[in-house]
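Written out below as structure tokens is the structure these notes cover.
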Amino acid sequence: MTLQVARPELGPEEAEAVARVLATGWVTQGPEVARFEAELAAFVGAPEAVATSSCTTALHLALLAVGVGPGDEVVCPSHSFIATANAVRQCGATPVFADVDLDTFNLDPDDVARRVGPRTRALLVVHQLGLPCDLEALLGLARARGLPVVEDAACAIGSEVLTERGWERIGRPHGDLACFSFHPRKLVTTGDGGAITTRDPAVAARLRRMRQHGMTVTDAERHKSASVVFEAYEAPGFNYRLTDLQAAVGRVQLGRLPAAIAHRRALAGRYRERLHASPEVACPVEPSWARTNWQSYCVRLTDRCARGQREVMEALLAAGVSTRRGVMCAHLEPAYAGAYEGLGRSERARDRGLVLPLHGGMGPGDVDRVCDALLAAVRGG
């Protein structure tokens with residue numbers, strides 16, 4: 001059987017949680033979402049969490065919340081899933097792409113500094129594939145320029161960064177807001193979904209109104225009221241809600257997250273043990289101040305590898321190992337075609353990157369199988 005790159009970990013507990021919610025008759029956004037938000041906030045150490053229908057919608061709301069609008073620019077990576085750039089465009093703003101570091105696939109703070117201009121309204125920083133970006137440098141830059149920071153933490157649930165206070169989970173947040181994804185490839189999945197974390201209760205309240213058409217009264221508040229309540233719509237909003245069915249699944253998933261991360265860290269350690277000495281393969285680098293959840297394990301083919309990315313991927317597939325190419329670059333897609341300069345490392349990360357299988361259903365023997373196939377492929381075997 002082909003070993004898959006990723007696989008959601010869903011079982012009887014999730015099915016029981018969904019059945020429990022179905023029995024209540026309340027399946028849209030309601031009490032289960034509120035419980036999920038509270039548990040998520042407690043897990044990452046944030047005062048507030050606001051659930052949304054996806055990380056893309058979370059990013060859209062977060063950028064609007066920090067004041068991004070038409071005519072503004074937002075500095076962000078091109079080397080990220082296209083939702084990062086799309087969220088900026090949805091605000092009527094323009095993404096200004098900065099280059100990345102090849103060891104971590106995260107933003108290069110020095111290049112970010114060069115891209116900040118008079119129209120820059122915010123920094124949108126990505127914790128790529130779950131590995132925390134250099135928040136200390138990026139936040140220092142943002143504070144010096146008076147810019148808000150939105151963290152695209154789509155992949156980083158459970159990842160940690162070392163601060164002067166000690167180890168803290170991504171999503172505290174360290175910037176102004178952080179956005180998570182609960183897509184099936186993530187360590188916590190609700191089928192699809194997202195969330196925003198913030199320190200500001202007033203911002204959280206505004207986000208909750210914005211995700212539900214701008215309504216001033218929620219369905220739950222109206223349901224609990226002893227008198228007739230009419231809602232108002234004081235500002236335009238969106239239908240960006242998570243359902244109670246999804247939230248019930250997320251709560252189960254969140255409870256299993258620490259064990260899932262520990263398992264992935266062990267698998268990632270085995271990958272590094274097997275591959276670090278190969279001159280054809282560069283393993284991802286985890287800085288001393290970061291602990292990644294290893295949502296994905298993306299290696300890079302070095303100049304010593306004579307075979308191209310597609311050729312290596314085809315060889316692996318023939319050996320029963322599924323892979324994915326490195327993270328995309330938005331500026332190389334037709335939707336963002338234009339004159340973008342100085343993104344050579346981003347392009348190299350895409351064209352030489354290789355995402356290897358990593359999920360909870362794997363064991364050390366599966367990692368060895370992947371490594372044997374990869375080492376044979378890069379050596380032309």
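The values are calculated or read from the model by the stated rules, or taken from the named source; none is laboratory data. Just so it is clear, the model here is predicted, and its values are computed rather than measured. Note that we place each Cβ from the backbone using ideal geometry, even for glycine, and neighbour counts take in every protein chain shown.
Some values worked out for this structure:
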| item | result |
| --- | --- |
| Failed condition for Arg256, given (1) touching a residue at least 12 places away in the same chain (Cβ under 8 Å); (2) in a loop (DSSP other than H, G, I, E, B); (3) surrounded by fewer than 18 Cβ atoms within 10 Å (Cβ to Cβ) | (2) |
| Qualifying positions in the range 42-76 - in a loop (DSSP other than H, G, I, E, B) and touching a His at 6+ places or on another chain (Cβ under 9 Å) | Ser54 |
| Residue, modelled with the highest pLDDT, within the range 325-342, restricted to residues that are in contact with an Asp or Glu (Cβ under 8 Å, 6 or more places away or on another chain) and surrounded by 22 or more Cβ atoms within 10 Å (Cβ to Cβ) | Cys329 |
| Residues satisfying the stated conditions in the range 7-33, i.e. under 22 Å from His183 (Cβ atoms) and either small (Gly, Ala, Ser) or not in a helix (DSSP H, G or I) (or both) | Arg7, Pro8, Glu9, Leu10, Gly11, Ala15, Ala17, Val27, Thr28, Gln29 |
| Search result, residues across the range 281-318 that are more than 26 Å from the chain's Cα centre (by Cα) and either crowded, with 21+ Cβ neighbours inside 10 Å or not assigned by TED's automatic domain parsing to the domain that holds Leu374 (or both) | Cys305, Val312, Leu316 |
| Yes/no for Thr302 being of a type in the set (Ser, Thr, Tyr) and free of Cβ contacts under 8 Å to residues at least 60 places away in the same chain | yes |
| Meets criteria (free of Cβ contacts under 8 Å to residues at least 60 places away in the same chain, assigned to a loop (DSSP other than H, G, I, E, B), touching a Leu at 6+ places or on another chain (Cβ under 9 Å) and surrounded by fewer than 20 Cβ atoms within 10 Å (Cβ to Cβ)) for Gly237 | no |
| Condition check for Leu242: part of a loop (DSSP other than H, G, I, E, B), buried (at least 19 other Cβ atoms within 10 Å of the Cβ), without any contact (Cβ under 8 Å) to a residue 60 or more places away in the chain and not β-branched (Val, Ile, Thr) | no |
| 2 or more residues at pLDDT 95 or above and in contact with a helix residue (DSSP H, G or I) (Cβ under 7 Å, 6 or more places away or on another chain): qualifying strands (runs of 3 or more DSSP E) within the range 96-180 | 120-126, 149-152 |
| Which numbered condition Val249 fails, given (1) in the same structural domain as Gln128 (by TED's automatic domain parsing); (2) without any contact (Cβ under 8 Å) to a residue 60 or more places away in the chain | (2) |
| Test result for Ala349, surrounded by fewer than 19 Cβ atoms within 10 Å (Cβ to Cβ), assigned to a helix (DSSP H, G or I) and among the aliphatic types (A, V, I, L, M) | no |
| Subset tally (residues that are over 30 Å from Leu257 (Cβ atoms) and either in contact with a His (Cβ under 6 Å, 6 or more places away or on another chain) or of a type in the set (A, V, I, L, M) (or both)) for the range 186-238 | 8 |
